[in-house]
């Protein structure tokens with residue numbers, strides 16, 4: 001069965017410090033993996049995606065994620081947090097179907 | 001703008017009303033989705049349409065009735081809803097296949113009174 005686990009429901013960082021949002025997946029196939037961001041009262045915006053090319057994926061707004069098959073992980077990172085990064089982040093796995101499987105989300109707070 | 005437009009953005013309806021949510025995409029995608037996002041709950045997939053055929057219905061109550069008249073439009077017809085159906089309803093579209101991302105609309109914030 002395919003699933004995705006976001007290990008932290010809340011992450012708090014100070015502005016200018018690194019961000020790490022953790023995601024582990026389970027998939028019988030070689031999956032596609034995505035990170036989406038949702039700002040309050042908005043829809044979901046794609047940050048980045050992994051589709052079996054380079055294992056280090058760069059996305060928008062300075063975010064990147066590394067696919068580690070041996071650890072079944074796809075953690076999202078950013079070297080320096082900005083106040084505008086405060087939002088909910090979703091890790092998503094797409095097995096080889098039309099179905100997207102969402103994690104439960106991680107709320108990122110950024111303090112001045 | 002993601003290319004997926006949902007209307008209305010906000011909707012308040014009584015439990016005896018009938019209303020419809022609309023989703024439109026002009027991205028040339030062949031798959032469309034309805035998701036429900038409730039406070040403090042994971043995103044719930046409700047329906048999936050691929051090539052205008054419903055391919056997934058995740059045990060959604062019959063008071064929610066989807067319709068996909070063509071590949072660009074998706075509706076969610078609502079009738080006799082309950083207060084617990086209040087949520088953000090998100091529409092998404094994608095190009096079928098395993099590697100492509102989904103594009104989401106802004107959502108309709110539904111309140112059932």
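Every number here is computed from the coordinates shown, using simple stated rules; none is lab data. Not measured: the values here are computed from a predicted model. Ideal geometry is used to build each Cβ from the backbone, glycine not excepted, and the neighbour counts take in all protein chains shown.
Overview of values
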{"item": "Residue B:22-residue B:58 FRET efficiency (beta carbon distance; Förster radius 25 Å; 0.05 resolution)", "result": "0.75"}
{"item": "Per residue Cα convex hull volume in Å³ - calculated over the protein assembly as shown", "result": "118"}
{"item": "Stokes-Einstein D for the range A:42-91, Kirkwood Rh over Cα pairs, 10 °C, 1.306 mPa s (µm²/s)", "result": "133"}
{"item": "FRET efficiency, residue B:111 to residue A:82 (Cβ-Cβ, R0 30 Å, nearest 0.05)", "result": "0.40"}
{"item": "Cα extents of chain B along the three principal axes, largest first (Å)", "result": "39, 27, 26"}
{"item": "Other protein chain Cβ atoms within 10 Å, averaged over every residue that makes up A:100-109", "result": "3"}
{"item": "Computed over chain B: relative contact order in percent, which uses C-alpha pairs under 8 Å that are six or more apart", "result": "37"}
{"item": "Amide N of the range A:1-36 lying under 18 Å from the label point, which is placed 7 angstrom from the Cα of residue A:66 along Cα→Cβ", "result": "A:7, A:18-25, A:33-35"}
{"item": "Calculated FRET efficiency for the pair residue B:30/residue B:65, C-beta based, R₀ 25 Å, to 0.05", "result": "0.70"}
{"item": "Antiparallel %, DSSP beta bridges [both residues in the protein assembly as shown], to 5", "result": "90"}
{"item": "Contour excess over end-to-end distance, with Cα ends at residue B:7 and residue B:72 and 0.36 nm allotted per residue", "result": "22.0 nm"}
{"item": "Neighbour-count order for B:104, A:111, A:74, B:75, fewest beta carbons within 10 angstrom listed first", "result": "A:111, B:75, B:104, A:74"}
